[in-house]
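What follows is one structure encoded as structure tokens, with my remarks underneath.
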Amino acid sequence: MTDWRLCNLIDDRPADGVFRLHRAIFDDPAVFTLEMARIFEGGWVFLGLSSQAPDAHDFFTTQVGRVPVMVSRDGEGALGAFVNSCPHKGARIAQTWSGNARVHVCPYHSWTFDSAGRNKAIKWKKAGCYPQEFDGTSHDLAALPHFAEYRGFLFGSLVADVMPIEDYLGEASKLLDLVADQSEEGVELVPGRVTFTYDANWKLQLENCADAYHFTSAHPSYIRILEERQREASDAGVVRSVWENSDYWKEEAEGIGGGSFSFANGHVLNWGIFGVSDALPLYERAEALKAKFGEDKRNWMFNMRNLTIFPNLQIAENASSQLRVIRPIAPGKTEMRTWCIAPKGESARARQQRLRQYEDFFNPTGMATPDDTVSYENCQRGFAGKVDPWLQSYVRGATASRPSGNAFSEMLGMAPERSVLADSQLCDETLYQSYYRAWAQRMAGAFGE
Ligand code: FES
Ligand SMILES: [Fe+2]
């Protein structure tokens, strides 16, 4: 353990108007090790979408903290989540990202498991002279103690002592509904996945998704291109921008353009008003969605929404629609797995529009992601400086933050813990406080050590 004790990493004194983080929370190896044990391996984390394994015997693999995990659909259609590790000697059973297999044969000594994780064969068992006790032991893959689905979103926990997933998601589940309800068939990941790493802490990605403050500073080239395109809007083949009716980055904008919501257990939303426009691929369903859900909920589906479900799921519906899974590798290294998420059954034209907007903004090859990851890496290098260790983000917006929802959350019948209504320049940073209060709760066993 380092000089600073864990309990001194967050200086949270609401009555004094103080909330600050010690830089060590981002680069201390002891903190990272405890985060793996207490946050990623100590409670609910996002695993994937049920649509990633649509048919019998389909599977996909992921990672929960340091633990490899396989989600598999059995022959009867039921999904299960297992530690992707052979009970014989620990080898990973599945080595691919996804596939279809009635049986999984361990590559090391050929123990065999079905798609429900049951051991089906032990090579040369009769000749193995096993003691009697061996037959009384389960040789199945270890199932995750908790595995749950909410509207096609799959979550798992490596510990048994967790609240039901509905309670964990709480009011933020209504924001997952906004994604799931865009099609009667639900959502899917568009084929094609991008994985990349950046040399900085995972919590920088956690924060950045909710960070409205950086947009005009870190993405000037993107904004210049948007402005250029608007001037030349008649050009055929130009990617329509969903921001075109928004005041999101406009310096002169006044009045409410969006805001933030904070929820229990560390979930947050940063949002902005886009308007129901044919610049969004969802426009083809605008009338149908209004008829089904009413105008308020339909309009919310068209708002810019950057949602974080703590600790590892982000759904960014801004320039296009992206699902991100955050995987910490080391204090200064993080892997991002990203997909385009889309309503099932949208027209080919809408899907094409979504993909072109996606390529434009997202991915290491897009016009935004590299700006962000470079900034994370800049921060990580800067964290080495601990002469004054306290970071001064986290209180911007403090006097605008309300301990309840507002008219916009009421449109969804949603009751967040806190809310901020903002013009284009307020750019609330208090919503990160929810991350760190949830972080502290999960790390609680470590406090006072
Ligand atoms: S490690 Fe799997 S069969 Fe030996
Ligand atoms: Fe960004």
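The table that follows gives values for the structure above.
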item: Answer residue from region 378-397, given it is under 20 Å from Met336 (Cβ atoms) and surrounded by fewer than 15 Cβ atoms within 10 Å (Cβ to Cβ) and is farthest from ligand 1 (Cβ to nearest atom) among those; result: Asn378
item: Single residue of region 349-370 satisfying the filter (within 23 Å of Trp202 (Cβ to Cβ) and open to solvent by 40 Å² or more (accessible area, probe 1.4 Å)) that is nearest to ligand 2 (Cβ to nearest atom); result: Pro370
item: Lone unmet requirement of (1) more than 16 Å from ligand 2 (Cβ to nearest atom); (2) open to solvent by 20 Å² or more (accessible area, probe 1.4 Å) for Val374; result: (1)
item: Candidate set: region 190-235, residues that are of a type in the set (Ser, Thr, Tyr) and open to solvent by 10 Å² or more (accessible area, probe 1.4 Å); chosen: the one farthest from ligand 2 (Cβ to nearest atom); result: Ser234
item: Selection status of Arg324, within 16 Å of ligand 2 (Cβ to nearest atom), touching a helix residue (DSSP H, G or I) at 6+ places or on another chain (Cβ under 9 Å) and either free of Cβ contacts under 8 Å to residues at least 60 places away in the same chain or closer than 26 Å to Ser241 by Cα (or both); result: yes
item: Extreme residue, most open to solvent (accessible area, probe 1.4 Å), among residues of region 398-449 that are over 24 Å from the mean Cα position of the chain (by Cα) and more than 30 Å from Gly294 (Cβ to Cβ); result: Thr399
item: Among the candidates Gln322, Gln314, Gln352, residue that is on the phi < 0 side of the Ramachandran plot and in contact with a Cys (Cβ under 6 Å, 6 or more places away or on another chain); result: Gln314
item: Sole exception among (1) farther than 30 Å from Arg418 by Cβ; (2) in the same structural domain as Thr61 (by TED's automatic domain parsing); (3) open to solvent by 30 Å² or more (accessible area, probe 1.4 Å); (4) under 30 Å from the mean Cα position of the chain (by Cα) for Glu184, by number; result: (2)
item: Helices (runs of 4 or more DSSP H) wholly inside region 154-232 that include at least 3 residues being more than 30 Å from Arg73 (Cβ to Cβ); result: 202-208, 215-218, 220-231
item: Selection status of Gly255, in the same structural domain as Glu184 (by TED's automatic domain parsing) and closer than 30 Å to Ala398 by Cβ; result: yes
item: Only listed residue being in the same structural domain as Glu410 (by TED's automatic domain parsing), at pLDDT below 95 and closer than 19 Å to Gln425 by Cα, chosen from Glu228, Glu232, Glu244; result: Glu244
item: Filter result for Phe408 (within 16 Å of ligand 2 (Cβ to nearest atom) and under 21 Å from Asn303 (Cα atoms)); result: no
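One line per residue, one yes/no per condition, for (1) in contact with a Lys or Arg (Cβ under 7 Å, 6 or more places away or on another chain); (2) within 16 Å of ligand 2 (Cβ to nearest atom); (3) assigned by TED's automatic domain parsing to the domain that holds Leu49:
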residue	(1), (2), (3)
Gly77	no, no, yes
Ala101	no, no, yes
Thr112	yes, no, yes
Gln132	no, no, yes
Pro145	no, no, yes
Phe155	no, no, no
Asp161	no, no, no
Pro164	no, no, no
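The values are calculated or read from the model by the stated rules, or taken from the named source; none is laboratory data. Remember, predicted model here, so these are calculated numbers, not experimental data. Positions of Cβ are generated from backbone atoms using ideal geometry, with glycine treated the same way; all protein chains shown enter the neighbour counts. Accessible surface is based on the protein model in full, side chains and every heavy atom, while ligands, DNA and RNA are left aside. Shrake-Rupley method; radii C 1.70, N 1.55, O 1.52, S 1.80 Å.
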